[in-house]
Structure formats: structure tokens, C-alpha cells
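The values are calculated or read from the model by the stated rules, or taken from the named source; none is laboratory data. Predicted, not measured: the structure shown is a model, and the values here were computed from it. Every residue, glycine among them, receives a Cβ derived from its backbone with ideal geometry; neighbour counts consider all protein chains shown. Ligands, DNA and RNA are stripped out before the accessible areas are found, and what is left, the full protein with its side chains, is counted by its heavy atoms. Shrake-Rupley method; radii C 1.70, N 1.55, O 1.52, S 1.80 Å.
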Amino acid sequence: ATPHVVIVGGGVGGATAAKYLKLADPNIRVTVIEKNPVYIRPYGSSEVLNDHIGMTELEVRYDRLRDRYGIEFLFDTVIGVDPLARTVRTAGGVQLNYDRMIVSPGIQLLYDRIEGYSASVAESRIPSAWIPGHQTRLLRDQLHAMRPGGTFVIVAPPNPYRCPPGPYERGALMAEWFKVHNPTAKVIILDSKDNFVPGPSMLLGWNRLYGYNVPERFREGMPTEGEWPMKAHEEPGMLEWVAGRDGGRVLSVDPAALSVETEAGRFQADVLNIVPPMVAGRVAFDLDLVDGTGYCPIDRRTHESTRHPGIHVIGDACVADAMPKSGFSANTQAKVAARAVVDLLAGRDTQVPLWENTCYALAGTEYGLYVADIFRLVDGRITRTEGPRFLPLDASRAQIRIGALYQQNWMRTFTEDCFA
Ligand code: FAD
């Protein structure tokens, strides 16, 4: 009989897995079960806030995956699985048999973990916009309507979270937008962490573009003379980052006042954007794939769940050790899992995988940065290989400009790789 692979979630991980299963073996029947007929991509979604792109440019459709590769789509919500009988159930009452399943449901946001914050507050007044949609539009409109000289406060999430450079890139893009449209406005990033990726190269970009004063502990290796030196500023610039060691950890939020209580005191916002803690998407819990970490433990070689054989977990929802929760990671993991599933269905040995990730990030629309890594399996863990990872701190203006072009081209070619 034709083997049947069911994929739960048609985001970055699920779509890529479906495509690469079909490329490896067109005889496998592949069905993707996805909640929404149109995918709204999270990567690049902060660029809606500064009108660099419109909301519709985030939309991705599935027709090419269906027409080119014969992948079947069911637009419905998965609610349960019987891992022994190998059947999966949907809210719409459909039940499907599978030989193997690949699950890539992304994340869910834990709004209630912050006192005073909730899903309904996020939908109406204090958007997180970390899963794009209505909240992205709301945040954009709030920014555009902010009073002259107002303060935009971003609350960054604790580790681990989707898109490590994301909150800091968002802060930078907002500062850049304010420079033109609201030049006396301020951006404040409140954080429980003392560092982030790609820390120093982003801080240097903020310094150059928004007058950010780089803390002493990050200055090593930053150019102090030459083409574009790092400058120590007397006055605080447009963008401020309050790290955990400086009291940036948020204790509570007052939605009516739009203020945030932190260890360092109270911050008053005109627009407030909170990225709360997060865990694996809800269906991962419904399918009993999650452990105490809030994410899904896997056999790293095949991405097969250590809780339920026959089910593989990829993307933001899985425990992937040193790999960040990024679209690039989800895409690489999808290729590893697809390969393993094809081998397992054929009764072959699985191969030793290799993963890669590059997070491109912007400190401004023409100021591109990156962190690039190769990962190997070492003692059963996904481990980063040592080597240079970041855009060098002494990169020239031209290299920085090219970095921004890489970011834009990556968005385009990456979407093709996943969805076309
Ligand atoms: P998703 O892409 O979220 O897909 C999950 C899918 O599962 C969704 O379509 C959902 O509808 C579906 N689903 C969930 N539950 C069910 C269910 N019960 N039944 C059916 N379907 C279900 N990554 C990068 O690599 N580079 C970047 O520059 C970058 N920038 C980012 C910027 C921002 C502001 C944000 C928020 C993220 C960014 N990312 C970036 C991260 C990237 O978007 C995610 O890591 C990636 O989308 C994860 O893929 P995934 O398959 O795990 O989840």
C-alpha cells in the first residue's frame, strides 16, 4: 500500500516537510492539515509596522505545493491522535490514518504569565504581534497614531522564544521610522535578559543610527576610529535597552494606564508592545508531545518524538538544543525529518543529520546583520560548531548595506523554498 504521511501545521516547518517528502519520494501520499487556508508568515512581519511592506505581502497560499507536487491539504484543526492506532482527528470530524506524522504547530503565547496582561488585552489594547494577524495591524495603527514625542515600549520575552533577534530588530525599525515621522519619539526595550543574539553587532548599529550608548561590557572590538566609529554619547539616544541586570524585568502591566512596572521602576508608554513567554503550540499539548520544558522532546537524529513513536516534531515546537527557534531552523529540521521519514518508511537506516541556521536581522532598512551557524549531532545533542558567526564589528559600510540586501533576498528565496 502507498504509505501516508500526515503533517500537522502548514507553516514553515510543515510546508517544507511536505515538499521535501514529495521530492524524495513522489509515491508517498502526503496530507497537510492546516487551520488556515492562507498562511501569514511571521518572518518579516515587523516590516509591516514601518510600512516597508503591506499586510497582504505576508500572505502565502498553498496552490503551488498542491499543483506541483500533489500534496493534499485539509483546512481544519487537529484536536487529537491515537498513536497506537495511528489515527488523527480534527475539529471538523475527520479522522485520517497515517503511517508517520510530522507535527510543526509553532508556538502559543502565554499572555497570562505577566500580571495584568491577557489575550483579550493583547487583542484590543496592548498587541504582542508575535503571531502575525490582527495584532500586527493594531500595533501598526497605534504606532502611526502615536503622539509626537511619545514613547514606544517593547517588552522582550525570556528564553527560549521564537526569533531571537526579533524584538531588537523591531525596536531598531521603529526607531528608524520615528526618525522620519516622529523625530522626538523614543523606543525603550525592557528585558529580563542581559544579552541577546546578535548582541554587539546590533548594539553597534543602534549606536550609529539612533545614538544608542553601548554599555562598556559590549564595546570590545567595536571600531573607535576610521570609516564609521562607535561613539560614546553624552545624552541618551532615541533607543534605550534596559537589560535584566539594570532592572528591565517586568513585574506587572497596567493596561488602563499603559504602564509597566519593572524591577527598575515604572515605565509609561504611549504604545506598548509585549512579547510574552511562549511554549509549543496548543496541539502539541493535546497530542501529549510536550514535557516539562513546554516543548517537545525528540530523538535528534530523526526528530521522532521520544514520547510517541511514529510522530516527528519540528520547528519552534521541538527541543532542538543549540538551534534557535527560527524559520530557517524549522526549514532545515523539516528537511532532516522528511529524509528520516522516507528512510524509515523504506526500512533503511537513517542518516546522520547536519543542520544550519542563519538569522538575518536589520538594525535599519539598509543596515543588515546576521548570525550564521552549522550544527552537528554530538552526544545526542544538536551542537553548534565553533567558528565566526556574526557580521564582523569592523565590517565596512558596503558589507553592512549588502547584509540588508541578503536579508531581503533571503525572505524571497526562503519563502520559495518552503512554499513553492
Ligand atoms: P509556524 O510557521 O508558526 O507554523 C505553524 C502552523 O501550524 C500555522 O500555520 C498554524 O496555523 C498551524 N497549526 C497550529 N495548530 C494547528 C492545529 N491544531 N491544526 C492544524 N494546524 C495547526 N525566522 C527566520 O528564520 N528569520 C527571520 O528573519 C525571522 N523573523 C521573524 C520576525 C518576527 C517578528 C517573528 C515573530 C518571527 C520571525 N521568525 C524568523 C521566526 C519564524 O517565523 C518561525 O520560527 C517559524 O515560522 C516557525 O515555523 P513553524 O513551522 O514551527 O511554525
Going through (1) within 11 Å of the ligand (Cβ to nearest atom); (2) among the hydrophobic types (A, V, I, L, M, F, W, C); (3) in contact with a Phe, Trp or Tyr (Cβ under 8 Å, 6 or more places away or on another chain) one by one, Val5 fails only at (1)
Scanning region 162-199 for residues that are open to solvent by less than 20 Å² (accessible area, probe 1.4 Å) and free of Cβ contacts under 8 Å to residues at least 40 places away in the same chain, the one farthest from the chain's Cα centre (by Cα) turns out to be Asn182
Within region 348-372, restricting to residues that are closer than 30 Å to Asn50 by Cα, open to solvent by less than 70 Å² (accessible area, probe 1.4 Å) and free of Cβ contacts under 8 Å to residues at least 40 places away in the same chain, the one that is nearest to the ligand (Cβ to nearest atom) is Asn357
With the condition kept exactly as written, say whether any residue in region 14-36 is within 13 Å of the ligand (Cβ to nearest atom), closer than 25 Å to Cys359 by Cα and among the β-branched types (Val, Ile, Thr).
yes
Across (1) touching a residue at least 40 places away in the same chain (Cβ under 8 Å); (2) more than 11 Å from the ligand (Cβ to nearest atom), His134 clears everything bar (1)
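Do the conditions hold for Ile71, that is, is it more than 9 Å from the ligand (Cβ to nearest atom), open to solvent by less than 20 Å² (accessible area, probe 1.4 Å) and either farther than 30 Å from Phe178 by Cβ or of a type outside the set (A, V, I, L, M, F, W, C) (or both)? First the steps, then the outcome.
On the way: more than 9 Å from the ligand (Cβ to nearest atom): yes; open to solvent by less than 20 Å² (accessible area, probe 1.4 Å): yes; either farther than 30 Å from Phe178 by Cβ or of a type outside the set (A, V, I, L, M, F, W, C) (or both): yes.
Yes; evaluated as a whole, the condition is true for this residue.
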Restricting region 74-98 to residues that are within 14 Å of the ligand (Cβ to nearest atom) and of a type in the set (Val, Ile, Thr), the one surrounded by the fewest Cβ atoms within 10 Å (Cβ to Cβ) turns out to be Val94
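Quick check: anything in region 39-46 more than 30 Å from Ala145 (Cα to Cα) and either open to solvent by less than 30 Å² (accessible area, probe 1.4 Å) or more than 10 Å from the ligand (Cβ to nearest atom) (or both)? Lay out the reasoning, then the answer.
Taking region 39-46 as the starting set, the residues that turn out to be more than 30 Å from Ala145 (Cα to Cα) are none.
Scanning region 39-46, I find no residue that is more than 30 Å from Ala145 (Cα to Cα) and either open to solvent by less than 30 Å² (accessible area, probe 1.4 Å) or more than 10 Å from the ligand (Cβ to nearest atom) (or both), so the answer is no.
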Note on Phe267: of the conditions (1) closer than 15 Å to Val214 by Cα; (2) out of contact with any Gly (no Cβ under 8 Å at 6 or more places or on another chain); (3) hydrophobic (A, V, I, L, M, F, W, C), unmet is (1)
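Would you mind finding the one in Arg381, Arg397, Arg401 that is in contact (Cβ under 8 Å) with a residue 12 or more places away in the chain, open to solvent by 10 Å² or more (accessible area, probe 1.4 Å) and touching a Phe, Trp or Tyr at 6+ places or on another chain (Cβ under 7 Å)?
The match here is Arg397.
Hey, among Asp246, Asp291, Asp286, which residue is over 21 Å from Asn195 (Cβ atoms), without any contact (Cβ under 8 Å) to a residue 40 or more places away in the chain and open to solvent by 10 Å² or more (accessible area, probe 1.4 Å)? Steps first, please.
Working: Asp246 fails: over 21 Å from Asn195 (Cβ atoms); Asp286 fails: without any contact (Cβ under 8 Å) to a residue 40 or more places away in the chain.
Being over 21 Å from Asn195 (Cβ atoms), without any contact (Cβ under 8 Å) to a residue 40 or more places away in the chain and open to solvent by 10 Å² or more (accessible area, probe 1.4 Å) holds for just one of Asp246, Asp291, Asp286, which is Asp291.
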Exception for Pro236 within (1) open to solvent by 70 Å² or more (accessible area, probe 1.4 Å); (2) in contact (Cβ under 8 Å) with a residue 60 or more places away in the chain falls at (2)
Among Val8, Val32, the single one that is free of Cβ contacts under 8 Å to residues at least 60 places away in the same chain, open to solvent by less than 30 Å² (accessible area, probe 1.4 Å) and hydrophobic (A, V, I, L, M, F, W, C) is Val32
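Scan His312, His308 and give me the residue that is open to solvent by less than 50 Å² (accessible area, probe 1.4 Å) and in a strand (DSSP E or B).
Details: His308 fails: in a strand (DSSP E or B).
Exactly one residue qualifies, and that residue is His312.
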